[in-house]
């Protein structure tokens, strides 16, 4: 029997030409934490032992996007940075 993953899962939505927006943080034993315009009436999660599937109810044209999931672990992964120059 494999080890159960207990790390929180994050789901992001990215519309073409825009940065990704956090949809929700999902944990195994707690209700999802929804962000901004995303809410529990249309966005649902099906949690398995080592999976977390996003289900969108009543899909609309505005839902068209790339969706990404990931895990929050104990270490930080850095993306491309921005340099601030002060004169």
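The values are calculated or read from the model by the stated rules, or taken from the named source; none is laboratory data. Quick caveat: nothing in here was measured; it's all calculated off a predicted structure. Neighbour counts are summed over all protein chains in view; Cβ atoms, including those assigned to glycine, are modelled from backbone coordinates with ideal geometry.
Residue count for region 39-50 satisfying the condition of being closer than 13 Å to residue 23 by Cβ and outside any loop (DSSP other than H, G, I, E, B): 3. Residue pairs whose Cβ atoms lie under 6 Å apart, sitting 6 or more positions apart in sequence or on different chains, and linking a residue in region 14-43 that is touching a residue at least 40 places away in the same chain (Cβ under 8 Å) to a partner that is exposed (fewer than 11 other Cβ atoms within 10 Å of the Cβ), are 14/66.
Looking only at region 51-71, decide whether some residue is under 19 Å from residue 22 (Cβ atoms), modelled with pLDDT under 85 and assigned to a loop (DSSP other than H, G, I, E, B). No, region 51-71 contains no residue that is under 19 Å from residue 22 (Cβ atoms), modelled with pLDDT under 85 and assigned to a loop (DSSP other than H, G, I, E, B).
Selection within region 22-35: residues that are surrounded by 10 or more Cβ atoms within 10 Å (Cβ to Cβ) and assigned to a loop (DSSP other than H, G, I, E, B). The member of this set that is modelled with the lowest pLDDT is 28.
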